[in-house]
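Participant: Please read through the structure below; I'll follow up with questions.
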Amino acid sequence: MATLFRPFSPPPGAKSSQFNFSDSSNPPFSFPKTHHPSSRKSFSKIQSSKFGNFLDLKPESKPEFFDFDLPKFDPSSRSRLDVIIIGTGPAGLRLAEQVSSYGIKVCCVDPSPLSMWPNNYGVWVDEFESLNLENCLDKTWPMACVHVDDNKTKYLDRPYGRVSRKKLKTLLLERCLSNGVQFHRAKVWKIEHQGFESSILCDDGNELKASLVVDASGFASSFIEYEKPRNHGYQIAHGILAEVEEHPFDLDKMLLMDWRDSHLGNEPYLRTSNSKFPTFLYAMPFDSNLVFLEETSLVSRPVLSYMEVKKRMVARLRHLGIRVKRIIEDEKCLIPMGGPLPRIPQSVMAIGGTSGVVHPSTGYMVARTMALAPILAEAIAECLGSTRMIRGQPLYHKAWNGLWPIERRCVREFYSFGMETLLKLDLDGSRRFFDAFFDLDPYYWHGFLSSRLSLRELALLSLSLFGRASSPSRFDIVTKCPLPLVKLMGNLALEAA
């Protein structure tokens, strides 16, 4: 699934689901190996119709910048910093405002700290309410729905909201400024470590030093080390915030997933490929003529072809009778999911996309990052905010294990098991899975999507899911889960050792 994210300024924007998640102002990384459907038909031109092809339209949005007078760090002053945070995305600014609240000297380094975040973010309303951030939502829907197929729809009694990127970034910047956070406009090229001190080398020729460097620059970063191959699954999506002549969506519900494939009846090749590597539609209706639409591949390995995703979206909108008059924003989402955690501990700390906090089964991350940053900040403050000034390896150990204690690592392994299972499901298997999943007690499916279940609760969820599943779905679980299950048990044993 996705955490929905999107840019906008005038009208309400769209979603930024679990995907598309750059944690700084830098663009996301380059595409990994792509799964291209084997038939030559995949390159054939999509049939035109009276509804046209929205891919020919250009997005109208322009880059936006915040009007803040940011305090600049002066490298020539040689003044000592406690923490340097690379990146001013949601993860970087949230951690900066939290760490600086302890009186710790923080500097954020980013080539464009005042630019609008490029992604749209969608969250469950209760997640932001628990963080006292509900005022940063600019649109909410009292319910969500899931179209399992043409004959079955699930209605989810859980409010969903779109994050106002402008409100959230303004709030975090104001708190950073109030706490004395400084900023340096540059791109970091290199990080070096000497004893109890780390230094960053920037593209403007300056060198900054601190007791701790935190990488919040997103998935593209090369500063974080791994001990295992990064065998991610990938979530990919194409989204548009569009003005349309009309649309069929209820204004009081957001569409979390639409697994129907009737729109591919006249596209035999697309229908065949979709049956093996399915995509769904995610939609946020703002009014009768403004809607955010996103065609999404929940998870695949290798990543599904972006052109394939767009072709399916064109066919779907044509079938739904949605004629796009203009595109206000578009969004290309690519999010690595699952894979190994970074090496714990190491000399560079991480938060956000590069730290492993993305939900391996759904791609959700924003609300989780907002919740984990205070925990990491407290661990850092116990070292750098004390009179003893604990630095070096003890600091790195404290910070990394504050973010990733054993229990949280084990829970993540379980979520990764969920991702590995989803990777093996075709369209029918995905439909059966989510049919059973959203029949669970809301406590369990709410907790699973929001990463707040314990290992014991996840085990109970699995038993309940198996009990509620249809016979074909149970067959999927029995035949397709053994290898992921063995991997899960092995990783749990390693984490507990």
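The values are calculated or read from the model by the stated rules, or taken from the named source; none is laboratory data. These numbers were taken from a predicted model, which means no experiment stands behind them. With ideal geometry, Cβ positions are generated from the backbone for all residues, glycine too; neighbour counts draw on all protein chains shown. Only protein heavy atoms, including side chains, enter the accessible area calculation; ligands, DNA and RNA are left aside. Shrake-Rupley method; radii C 1.70, N 1.55, O 1.52, S 1.80 Å.
Participant: How many residues are in contact with a helix residue (DSSP H, G or I) (Cβ under 6 Å, 6 or more places away or on another chain) and either assigned to a strand (DSSP E or B) or of a type in the set (Lys, Arg) (or both) if we restrict to segment 245-280?
Facilitator: 1
Participant: Read through the list (1) surrounded by fewer than 19 Cβ atoms within 10 Å (Cβ to Cβ); (2) assigned to a helix (DSSP H, G or I), then give the number of the only condition that Leu465 fails.
Facilitator: All conditions are met except number (1).
Participant: Could you grab me the full set of residues in segment 60-97 that are assigned to a helix (DSSP H, G or I) and without any contact (Cβ under 8 Å) to a residue 60 or more places away in the chain? Please lay out each step first, then the result.
Facilitator: To start, the set of residues in segment 60-97 that are assigned to a helix (DSSP H, G or I) comprises 75-77, 90-97.
Within segment 60-97, Ser76, Ser77 qualify.
Residue by residue, here is whether (1) surrounded by 17 or more Cβ atoms within 10 Å (Cβ to Cβ); (2) of a type in the set (Phe, Trp, Tyr); (3) over 25 Å from Ile380 (Cβ atoms); (4) free of Cβ contacts under 8 Å to residues at least 60 places away in the same chain holds:
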residue: Gly402; (1), (2), (3), (4): yes, no, no, yes
residue: Arg409; (1), (2), (3), (4): yes, no, no, no
residue: Phe414; (1), (2), (3), (4): yes, yes, yes, no
residue: Phe417; (1), (2), (3), (4): yes, yes, yes, no
residue: Thr421; (1), (2), (3), (4): yes, no, yes, no
residue: Phe433; (1), (2), (3), (4): yes, yes, yes, yes
residue: Trp445; (1), (2), (3), (4): yes, yes, yes, yes
residue: Phe448; (1), (2), (3), (4): yes, yes, yes, no
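Participant: Here are some conditions: (1) farther than 21 Å from Leu427 by Cβ; (2) in contact with an Asp or Glu (Cβ under 8 Å, 6 or more places away or on another chain). Leu341 meets all but one. Which one does it not meet?
Facilitator: (2)
Participant: Show the residue pairs that are 6+ apart or on different chains and have beta-carbon atoms under 8 Å apart, the first residue being within segment 450-463 and at positive phi and among the charged types (D, E, K, R), the second being in a helix (DSSP H, G or I) and surrounded by fewer than 17 Cβ atoms within 10 Å (Cβ to Cβ).
Facilitator: none
Participant: Another question about this same structure. Can you tell me which residue among Leu256, Leu304, Leu290 is open to solvent by 10 Å² or more (accessible area, probe 1.4 Å) and of a type in the set (A, V, I, L, M)? Steps first, answer last, please.
Facilitator: Numbers: Leu256 fails: open to solvent by 10 Å² or more (accessible area, probe 1.4 Å); Leu304 fails: open to solvent by 10 Å² or more (accessible area, probe 1.4 Å).
Residue meeting the stated conditions: Leu290.
Participant: Given the criterion open to solvent by 10 Å² or more (accessible area, probe 1.4 Å), closer than 22 Å to Leu133 by Cα and over 19 Å from the mean Cα position of the chain (by Cα), identify the matching residue among Ile344, Ile375.
Facilitator: Details: Ile344 fails: closer than 22 Å to Leu133 by Cα.
Within the list Ile344, Ile375, the selection yields Ile375.
Participant: Something else about it: Examine segment 189-212 for a residue that is touching a residue at least 24 places away in the same chain (Cβ under 8 Å), open to solvent by less than 10 Å² (accessible area, probe 1.4 Å) and not in a strand (DSSP E or B), and state whether such a residue exists.
Facilitator: For segment 189-212, residues touching a residue at least 24 places away in the same chain (Cβ under 8 Å), open to solvent by less than 10 Å² (accessible area, probe 1.4 Å) and not in a strand (DSSP E or B): absent.
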